[in-house]
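Participant: Have a look at this one.
The values are calculated or read from the model by the stated rules, or taken from the named source; none is laboratory data. If you're wondering where the values come from, they're calculated on a predicted model, not measured in any experiment. Don't worry about glycine lacking a Cβ; one is built from the backbone with ideal geometry, like all the others, and counts go over all protein chains shown. The protein model used for the area step is the full one, side chains on, heavy atoms only, and it has no ligands, DNA or RNA in it. Shrake-Rupley method; radii C 1.70, N 1.55, O 1.52, S 1.80 Å.
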Amino acid sequence: MTENFRKVIAIVGPTASGKTKYSIELAKKNNGEIISADSRAVYKGMDIGTAKVTKEEMCGVPHYMIDEYEPDEEFDVTVFKTKAREYISKITSDTIF
């Protein structure tokens, strides 16, 4: 019996510890995609003070949960959990790890 597993790697750490750079390098090596868990980067227009990843820094790696909500839209951990699960399903739907 063959089982399909979806691998999800979580990169966590303090601000300015190199998580973004490392995640992009890892994603490029493994044909991966990135779901941001930054509580401020999810909001459109909140670029100052968030160290939000730029299109250039993304190096072509797809990123999710960046600039997806207006600052006046409701966003909390429940919304994040639902959206993250949707993105994980989308990302891994054609891939068996």
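Participant: Which links in K21/K52; K52/K81; K7/K52; K7/K44; K55/K81; K7/K55 stretch past 22 Å when you go from one Cα to the other?
Facilitator: In this structure, K7/K52; K7/K44; K55/K81; K7/K55 lie more than 22 Å apart at Cα.
Participant: Determine the share of the range 3-77's accessible area contributed by carbon and sulfur atoms, expressed in whole percent, with a 1.4 angstrom probe.
Facilitator: 52 percent
Participant: Shifting gears a bit: Along Cα→Cβ, 7 Å out, is where each label goes; now give me the distance between the ones at K81 and M58 in nm to one decimal.
Facilitator: Here the answer is 2.7 nm between the modelled labels.
Participant: Relative to the longest principal axis of the chain, what angle (0 to 90°, nearest 10) does the C-alpha long axis of helix 19-29 take?
Facilitator: Tilt of helix 19-29: around 30 degrees.
Participant: State in Å² the accessible area per residue of the range 13-81; use a 1.4 Å probe, count heavy atoms of protein chains only, and round to the nearest integer.
Facilitator: 69 Å²
Participant: Let me ask something else. Just want the answer: with Cβ charges of +1 for Lys and Arg and -1 for Asp and Glu, which residue in G18, I88, G49 is farthest toward the dipole's positive end in the chain?
Facilitator: Most positive-ward Cα: G18.
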